Amino acid sequence: MHRPCLDAPRILAASKGEALGADERQHLETCVRCQEGLAEVRRITVLLKELGEAERGSLAPGRLWPGVEARLEAPGLRARLPLPLAGLSRLTQEVLRPSVAAAWAAGVVGLLLGIWLAPRSPSAEPEEPYTWSSLVEGRVSLSAVYESSFGTETGEARGVEWEFEREAPASGDDSSGTGESRQDGGQP
Amino acid sequence: MESRAPLHELGDDDLVAAAGRGEREALRVLVERWGPRVHAFLRRALSSSHDADDLTQETFLRLWRAAPRYRPQGRCAAWLFRIAGNLARQELRRRKVRSLLLGETPTSLDDVVDSLPAPAAFDPESPLRADEIRRALAAALAKLPGRQRLAVLLRFYEEMSTAEIADALGTSPRAAESLLARGTRRLRQLLRAQA
C-alpha cells in the first residue's frame, strides 16, 4: 500500500532521532522527497545549534550579574510593581519618553486647535452676516439663520440649503434685492 | 549546625529555594549558570543584543521576586524560559505598537547581522564562519512570526522537548508541535529562497 509522505512533525521527530513506525521507516527508505526533507532539517538543526553555542560562548563570563545586581540594589517602581503591571509600566515608560511625549502633546494641541478653529475657517464662515432685512426680504430662510447660530444635525443638509440660499442672489440680476425679481430670473 | 554544599554544587531547585529565602548569592549562581543561555535565546528572538541584555536582567529579577512561591519540580529551566519567552513576546508586541504609534521601522537586516556573534566565535570547521550563511540563517530566523521563532529557538538552541516548549510558551503540546512544524517548514522555505 502506498504511504503518504511524512508530515513536518514526523520529519522533525526523525531528525531528533525519535523512533518512527515501521511503515514510516519503510517509506523513508524509498522516498527521495522525505529523505531530502529530513537531510535539510538535520542541516538546519546543526546550524542553529552551532549558532546557539556561539552566542552563548560570545558572552563574557560574569557580564550579566553586575546588571542584575544593580537592579536589585536600586529597585525602582518597576521592580516593586506586581508582574503584569511591571510589563505595562515598561510600555508606559516607552510611550512617555520625553521625545515621544512631546510628539503626542503636539498632536493633541494641534487637534484641539483644529477643532477650535474649524467653525471660524473661511469656508464655514458666512461671507456676510445675516441681517434682519435679508430675512424679511426672503433672501435667507429662518432655518438657515437658526442653523448658522445653533448648528444643524446634518452638515450635508445645511450645505445644500446654504448653497441654494446664498447663490441665488448672485446668479440673478437682483438690483432691487427683492425675492420676486430673483424668482423671475431677474426679469422685471 | 547543618552544613550545606557550596552553592555552585546545588541543583537549580535548591538554588531557587535559597533565592526565595533572600540569598543573593544563590541568584548569582543561577545567573552564571543560566544567564548565557537565556541571553542567547533572547538575542536571537529579538535580534538585538541591547534588548537581550535588558530582558535577561528582567528575567532574573522576576525569578528573584517569584522565587518564594516556586514549587520545586525539577522544571526550573522551563520556568526560566517561560519568563524569558513571555518577556520576548511582550517586547515583540511592544515593537508592533511602537511601529504603529510612532512609525518606527521594524528590525532591519543590519540590526539582525549586528546582533550575531563574530566569525571567531564559531568552530573553525563550522560553515557558519562564512558570512553569507550566518546572515542567511539569522535573516530567515528574524522573518519567522514571533511565536514560531520562539518555538524553533527553544527546540534547536535549547534542545527542549515539545512538552517543555509547550510549558515555556504557555500553550498545549499540540499547539507547540504545530508552531514548531510551521516554523521549521517556513525556515526551510526561507533558506531555500536565499540559497
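Here are the numbers for this structure:
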{"quantity": "Sequence ranges B:16-22, B:150-156, B:97-103, ranked by mean other-Cβ count within 10 angstrom, highest first", "calculated": "B:150-156, B:16-22, B:97-103"}
{"quantity": "Under-5 Å amide H pairs with B:MET160, H placed in peptide plane, nonlocal only", "calculated": "B:ARG155"}
{"quantity": "Ascending count of other beta-carbon atoms within 10 Å, so fewest first, for B:LEU141, B:LEU190", "calculated": "B:LEU190, B:LEU141"}
{"quantity": "Cβ crowding within 10 Å averaged over residues, with B:160-167, A:26-33 ranked highest first", "calculated": "B:160-167, A:26-33"}
{"quantity": "Chain B - mean residue ellipticity at 222 nm from DSSP helices (-39,500 (n - 2.57) per run, n ≥ 4, rounded to 500)", "calculated": "-23000 deg cm²/dmol"}
{"quantity": "A:ARG63 paired with B:SER172, simple spin-label distance in nm, labels 7 Å along Cα-to-beta-carbon", "calculated": "4.1 nm"}
{"quantity": "Per residue convex hull volume, Cα atoms of segment A:38-78, in Å³", "calculated": "77 Å³"}
{"quantity": "Spacing of the two label points (7 Å from each Cα toward its C-beta) at B:ARG24 and B:ALA139, in nm", "calculated": "4.6 nm"}
{"quantity": "Integer Hz, Karplus 6.51/-1.76/1.60 couplings in order for segment B:73-86, x for Gly and Pro", "calculated": "9, x, 10, 4, 4, 4, 5, 4, 6, 5, 4, 4, x, 4"}
{"quantity": "By average C-beta atoms within 10 angstrom, highest first, the peptides B:109-117, B:49-57, B:66-74", "calculated": "B:49-57, B:109-117, B:66-74"}
{"quantity": "Where N is the number of residues in segment B:9-120, Cα Rg divided by 2.2 N^0.38 Å", "calculated": "1.20"}
{"quantity": "Gyration tensor (alpha-carbon) shape descriptor, segment B:85-195, a/c threshold 1.5", "calculated": "oblate"}
{"quantity": "Using alpha-carbon coordinates, inclination of helix B:173-194 to the longest axis of chain B, degrees", "calculated": "40 degrees"}
{"quantity": "Gyration tensor (alpha-carbon) shape descriptor, segment B:58-146, a/c threshold 1.5", "calculated": "oblate"}
{"quantity": "For chain B: rounded, prolate or oblate by the Cα gyration tensor [a/c cutoff 1.5]", "calculated": "prolate"}
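Readers should treat all values here as calculations from the given coordinates under stated rules, not as data from a laboratory. Computed from a predicted structure; not experimentally measured. All Cβ positions, glycine included, derive from the backbone under ideal geometry; neighbour counts span all protein chains shown.
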